[in-house]
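Notes to accompany the following structure.
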Amino acid sequence: MIENYLPLAYLNAWEYCARRFYLEYVLGEMEDNEHIILGRHIHRNINEESILTEGDTVIRQQQWVWSDQLKVAGIIDAVEECNGQLVPVEYKKGKMAQHLNDHFQLCAAAICIEERTGRSIPYGDIFYHANRRRETVAFTPQLRQATEQAILLAQNAATGAMPSPINNTKKCQSCSLQRICLPFEVKALRAHNQSQI
Ligand code: SF4
């Protein structure tokens with residue numbers, strides 16, 4: 001059942017933080033912060049399925065893709081086609097900085113498109129809104145393997161216990177779920193309990 005396939009967007013959450021993935025995907029927790037609202041804002045012009053043409057390039061926006069092999073599904077922001085080559089494209093609000101979570105999401109979408117079309121996709125692009133840069137991501141065998149591994153781990157984690165908070169203050173301070181997750185409070189409580197043993 002495709003409804004039970006892992007959504008591509010949650011693969012991004014998984015790589016960011018396993019606990020965030022669990023809170024969102026398994027427990028259905030959602031909370032806005034400035035990063036979420038900004039992300040929604042920059043998607044306002046590309047949030048409907050449509051087909052555009054720019055020169056020799058046909059751009060299909062908001063394409064639903066899935067892989068029966070990997071059991072993942074979701075929407076890719078755009079699939080560009082030029083000279084017979086398909087290029088998946090994601091739009092992100094942040095700055096270009098080799099974000100592995102974004103690479104996994106894009107690579108998983110490419111694998112879905114390959115499965116649906118039977119065509120080979122060697123690379124995709126991520127447009128980073130904060131510095132208006134477009135990063136080309138090569139779908140190397142290593143990235144494909146790491147992406148498939150992340151999908152498997154995320155699918156398994158969804159049936160397990162909630163992971164502990166990560167040790168990454170910067171990520172936690174940017175995380176919209178911080179007030180639900182309470183990472184610093186959980187860690188302080190655990191440290192206190194340990195000291196009582
Ligand atoms: S606050 Fe930190 S530990 Fe909690 S979900 Fe967010 S990133 Fe993960």
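The values are calculated or read from the model by the stated rules, or taken from the named source; none is laboratory data. No experiment lies behind these values; they were computed from the predicted model shown. Methodologically, a virtual Cβ is constructed for each residue, glycine included, from the backbone with ideal geometry; neighbour enumeration extends over all protein chains shown.
Some notes on this structure:
- Checked against (1) of a type in the set (Phe, Trp, Tyr); (2) over 24 Å from Asn47 (Cα atoms); (3) away from the ligand (no atom under 16 Å from the Cβ), Phe184 passes all but condition (3).
- For the range 142-180, a residue qualifies if it is in contact with a Leu (Cβ under 6 Å, 6 or more places away or on another chain) and of a type outside the set (A, V, I, L, M), and exactly one does: Gln155.
Here is a yes/no grid of residues against (1) at pLDDT below 95; (2) within 16 Å of the ligand (Cβ to nearest atom); (3) under 22 Å from Lys93 (Cβ atoms); (4) surrounded by 12 or more Cβ atoms within 10 Å (Cβ to Cβ):
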site: Arg132; (1), (2), (3), (4): yes, no, yes, no
site: Phe139; (1), (2), (3), (4): no, no, no, yes
site: Lys170; (1), (2), (3), (4): yes, yes, yes, no
site: Ala188; (1), (2), (3), (4): yes, yes, no, no
site: Ser195; (1), (2), (3), (4): yes, no, no, no
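- Exactly one residue out of Ala188, Ala157, Ala150, Ala130 is within 13 Å of Leu70 (Cα to Cα) and either touching a Ser or Thr at 6+ places or on another chain (Cβ under 8 Å) or among the hydrophobic types (A, V, I, L, M, F, W, C) (or both), and it is Ala150.
- Residue list for the range 87-98, restricted to those being touching a Lys or Arg at 6+ places or on another chain (Cβ under 9 Å) and buried (at least 19 other Cβ atoms within 10 Å of the Cβ): Val89
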